[in-house]
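Have a look at the structure below, then the notes.
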Ligand code: FAD
């Protein structure tokens, strides 16, 4: 029997980005003992990298803004595929979450009259992004960490132990969610939610009993026993070659959910941010914040043409300027001018840049020009975009106050994620499992608007913490027992890379053949996803991707490492490969199935948006038993519940006609 240390907690949060920390604060405030586990150092999550700001309709810059306008923008940005209830909750609650941050000590940039300043971003009708220069995520994480410390100090006063009610385990990775037969009382999330789905899923399904983890520094295994687990693990970008994501975004939470019996939705929708650095090669993909365009930056091709005017799709034509003069006038006088097309939603801008480069009008390094140098005085650029100024000077030897940047699309964000109940964040199918932040699906539909992630983290992080605490409290008396067999199997799986390529490993089902280098496998995976399931997709290429993924999956079973368990990055990557391959298969399978173009999913062979697909969610589950022919992922199509009538009334009929089927329109 595998001997591993065990700890008991009420709520375990996996991830210490904005969603994880907000969930942890809420669970602890509900009086529950809460543990937070994160793969990297505490404070180093994607959230800290967020630049532009947090979207909330506080109406500071334009009093006409309100939650209804924010809801409308979010639905338009997501091409009406969003889980509308999530979009509603998000729009309604985001301002409270921002003000709450301020009461916890966040220092946002101010307007002249002392209110929180709000800036423009693509797809948002009014200036809506509360920000701290272009380092908003840093302030958000700093504030949440400070709040965690304040709670720990309060606990110390009461119990003599800072970590008695909230403890962070940094540089620890979860490799399995542990489950037990579902004989406990019904979870609150099992009630039918307002969006018509059931919350924490099928009656009698296995329920959460804890999480299996390893410490990166020592390689030591440990188990966190808890009735409630919140996934807040962020994105999947490291499966693609050109990405703004950092090393830890290997889709762990997505894969952990699948392996525990939950489902993923919308996985075909991956956001390629239009503006990543393209040069030098060592920094290709690093993000250039949308605030550059929000603050007046313009896109030009190699001929000097401001090309975005040629790419305004019909559904957005009425809202965007037709001339440079009108577009420029909007910054000063938005009442009488329409928005510049550079501020179209990200999917539109990314496709336009891709087309310009393909047509031979790109920059020497395969991007387009993004210019602020001719639009603002140098000191304004340095004040409003300090990180961008620093980033280009340090990494590309470019002074953005004097010359344009070269930019191109980069894999940035995944709209798809764990299928959750909109109100409770409970994962369908696995009682006790919750998900919030980028790892959860549905909120952003087929395309996320900039700034809507930071607000999503806070709104649904709080909800996940609240309902996870409630579930833990209700199930406290009948905590599920952690199975010894599951612990042994998780430990064996985690140790497999050390014996890869041996007869013993082959006998245990790892397949015949020599050990494979995890770094090589990772590079091949990234190349395949970039080339075959990237920004523009075709049936034959995605079918090819699935064949390549099957080959990689077979080889990854033999991913081998040398050395020992103490801080061994090769070993960590070998373990991450399982997750990246599962998630990549979800993306490729769903993208192949969706025969239309919508939001972040663009098909060369089906270039139009198809109203018949609007209500379709593609739901990915683990195929049982896994089949080498068809892969590890099963896919089914589910129809989304109709949008509530009062929310539909927020839109003009002429607009709805562009998205909804005749049947939906007449049913209204
Ligand atoms: P993250 O902040 O990504 O945190 C995930 C956590 O999970 C980390 O602590 C990680 O260590 C942990 N983790 C992962 N796997 C495991 C595991 N197996 N075991 C244990 N722990 C694990 N959005 C906006 O709204 N506005 C912006 O201005 C903006 N700018 C951005 C700029 C950049 C460069 C990037 C990359 C993203 C930006 N985004 C922005 C998007 C936004 O930052 C992310 O979507 C968001 O921060 C995700 O937050 P999260 O809490 O879901 O996860």
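The values are calculated or read from the model by the stated rules, or taken from the named source; none is laboratory data. In this text the structure is predicted, and so the values were computed from the model without any measurement. Here the Cβ positions follow ideal geometry from the backbone for every residue, glycine too, while neighbour counts run over all protein chains shown.
Counting just the residues of segment 541-564 that are touching a helix residue (DSSP H, G or I) at 6+ places or on another chain (Cβ under 7 Å) and assigned to a loop (DSSP other than H, G, I, E, B), which one comes out nearest to residue 618 (Cα to Cα)?
Just the residues of segment 541-564 that are touching a helix residue (DSSP H, G or I) at 6+ places or on another chain (Cβ under 7 Å), to begin with: 541-546, 548-549, 552-553, 555-561.
From what is left, the residues that are assigned to a loop (DSSP other than H, G, I, E, B) are 557-558, 560-561.
Numbers: 557: 27, 558: 31, 560: 34, 561: 36 Å.
For segment 541-564, the residue satisfying everything is 557.
Here segment 126-135 is the region considered, the condition is being in a loop (DSSP other than H, G, I, E, B) and more than 18 Å from residue 382 (Cα to Cα), and the residue that is farthest from the ligand (Cβ to nearest atom) is 126. The single residue among 427, 402 that is in contact with a helix residue (DSSP H, G or I) (Cβ under 7 Å, 6 or more places away or on another chain) and away from the ligand (no atom under 14 Å from the Cβ) turns out to be 427. In this structure, residue 285 does satisfy being within 15 Å of the ligand (Cβ to nearest atom), in contact with a strand residue (DSSP E or B) (Cβ under 8 Å, 6 or more places away or on another chain) and assigned to a loop (DSSP other than H, G, I, E, B). Determine, yes or no, whether residue 586 is at pLDDT 95 or above, in a helix (DSSP H, G or I) and under 21 Å from residue 448 (Cβ atoms). Against the criterion (at pLDDT 95 or above, in a helix (DSSP H, G or I) and under 21 Å from residue 448 (Cβ atoms)), residue 586 qualifies. Restricting attention to segment 2-15, does a residue exist that is more than 16 Å from residue 221 (Cα to Cα), modelled with pLDDT of 95 or more, within 15 Å of the ligand (Cβ to nearest atom) and assigned to a loop (DSSP other than H, G, I, E, B)? There is at least one residue in segment 2-15 that is more than 16 Å from residue 221 (Cα to Cα), modelled with pLDDT of 95 or more, within 15 Å of the ligand (Cβ to nearest atom) and assigned to a loop (DSSP other than H, G, I, E, B). The residue pairs whose first member lies in segment 141-157 and is free of Cβ contacts under 8 Å to residues at least 60 places away in the same chain, whose second member is crowded, with 19+ Cβ neighbours inside 10 Å and assigned to a helix (DSSP H, G or I), and whose beta carbons are closer than 6 Å, counting only pairs six or more residues apart or on different chains, are 143/101. Suppose we keep only residues that are within 16 Å of the ligand (Cβ to nearest atom) and over 20 Å from the mean Cα position of the chain (by Cα) within segment 574-599. Which one would you say is nearest to residue 552 (Cα to Cα)? Result: 574. Residues in segment 136-168 that are outside any helix (DSSP H, G or I) and surrounded by fewer than 19 Cβ atoms within 10 Å (Cβ to Cβ) were compared, and the one that is nearest to the ligand (Cβ to nearest atom) is 163. When only residues in segment 243-267 that are assigned to a loop (DSSP other than H, G, I, E, B), away from the ligand (no atom under 11 Å from the Cβ) and over 13 Å from the mean Cα position of the chain (by Cα) count, which is surrounded by the fewest Cβ atoms within 10 Å (Cβ to Cβ)? Looking at residues that are assigned to a loop (DSSP other than H, G, I, E, B), away from the ligand (no atom under 11 Å from the Cβ) and over 13 Å from the mean Cα position of the chain (by Cα), I get 261.
At least 3 residues being in contact with a strand residue (DSSP E or B) (Cβ under 7 Å, 6 or more places away or on another chain) and closer than 30 Å to residue 259 by Cα is the threshold, and among the helices (runs of 4 or more DSSP H) wholly inside segment 593-668 not one reaches it.
When the residues of segment 231-242 are narrowed to those that are more than 20 Å from residue 457 (Cα to Cα) and at pLDDT 95 or above, which ends up nearest to the ligand (Cβ to nearest atom)?
Looking only at segment 231-242, we keep the residues that are more than 20 Å from residue 457 (Cα to Cα), and these are 238-242.
The next check asks that each one be at pLDDT 95 or above; those that pass are 238-240.
On the way: 238: 11, 239: 13, 240: 12 Å.
Looking at residues that are more than 20 Å from residue 457 (Cα to Cα) and at pLDDT 95 or above, I get 238.
Is one or more of the residues making up segment 450-469 out of contact with any strand residue (DSSP E or B) (no Cβ under 6 Å at 6 or more places or on another chain), away from the ligand (no atom under 12 Å from the Cβ), at pLDDT below 95 and assigned to a loop (DSSP other than H, G, I, E, B)? No - not one qualifying residue is present in segment 450-469. Could you go through segment 547-555 and let me know if any residue there is surrounded by fewer than 22 Cβ atoms within 10 Å (Cβ to Cβ) and over 27 Å from residue 260 (Cα atoms). No.
Of all the listed residues (98, 36), the sole one being more than 22 Å from residue 420 (Cα to Cα), in contact with a helix residue (DSSP H, G or I) (Cβ under 8 Å, 6 or more places away or on another chain) and either touching a residue at least 24 places away in the same chain (Cβ under 8 Å) or more than 16 Å from the ligand (Cβ to nearest atom) (or both) is 98. If you go through segment 501-529 one residue at a time, how many are within 22 Å of residue 582 (Cβ to Cβ) and either part of a helix (DSSP H, G or I) or out of contact with any strand residue (DSSP E or B) (no Cβ under 6 Å at 6 or more places or on another chain) (or both)? So the answer is 20.
Scanning segment 373-397 for residues that are part of a loop (DSSP other than H, G, I, E, B) and either modelled with pLDDT of 95 or more or surrounded by fewer than 16 Cβ atoms within 10 Å (Cβ to Cβ) (or both) yields a count of 5. Inside segment 290-315, residues that are in a helix (DSSP H, G or I), surrounded by fewer than 22 Cβ atoms within 10 Å (Cβ to Cβ) and either free of Cβ contacts under 8 Å to residues at least 40 places away in the same chain or within 16 Å of the ligand (Cβ to nearest atom) (or both) make up a count of 1. Checked against (1) more than 15 Å from residue 15 (Cβ to Cβ); (2) away from the ligand (no atom under 11 Å from the Cβ); (3) buried (at least 24 other Cβ atoms within 10 Å of the Cβ), residue 226 meets all criteria but (1).
Just to verify a result, which residue in segment 66-110, among those that are in a loop (DSSP other than H, G, I, E, B) and touching a strand residue (DSSP E or B) at 6+ places or on another chain (Cβ under 8 Å), is surrounded by the most Cβ atoms within 10 Å (Cβ to Cβ)?
Step one: list which residues in segment 66-110 are in a loop (DSSP other than H, G, I, E, B), which gives 66, 78-83, 104-109.
Those left that are additionally touching a strand residue (DSSP E or B) at 6+ places or on another chain (Cβ under 8 Å): 79, 81, 108-109.
Numbers: 79: 24, 81: 27, 108: 22, 109: 17.
Applying the filter and picking the extreme gives 81.
Consider residue 576 carefully, then state whether it is part of a loop (DSSP other than H, G, I, E, B), modelled with pLDDT of 95 or more and closer than 23 Å to residue 266 by Cα. No. Considering (1) touching a helix residue (DSSP H, G or I) at 6+ places or on another chain (Cβ under 8 Å); (2) within 13 Å of the ligand (Cβ to nearest atom), the lone condition that residue 441 does not fulfil carries the number (1).
For segment 508-531, name all the residues that are without any contact (Cβ under 8 Å) to a residue 12 or more places away in the chain and over 30 Å from the mean Cα position of the chain (by Cα). Passing the criteria: only 512.
Taking the conditions exactly as written (more than 18 Å from the chain's Cα centre (by Cα), within 16 Å of the ligand (Cβ to nearest atom) and over 26 Å from residue 600 (Cα atoms)), does residue 24 satisfy them or not? Please lay out each step first, then the result.
Details: more than 18 Å from the chain's Cα centre (by Cα): yes; within 16 Å of the ligand (Cβ to nearest atom): yes; over 26 Å from residue 600 (Cα atoms): yes.
When the stated conditions are applied, residue 24 passes them.
Residues in segment 42-59 that are surrounded by 22 or more Cβ atoms within 10 Å (Cβ to Cβ) and either modelled with pLDDT under 95 or near the ligand (Cβ under 7 Å from one of its atoms) (or both): 9 in all. Modelled with pLDDT of 85 or more, away from the ligand (no atom under 16 Å from the Cβ) and touching a helix residue (DSSP H, G or I) at 6+ places or on another chain (Cβ under 9 Å): does that describe residue 180? When the stated conditions are applied, residue 180 passes them.
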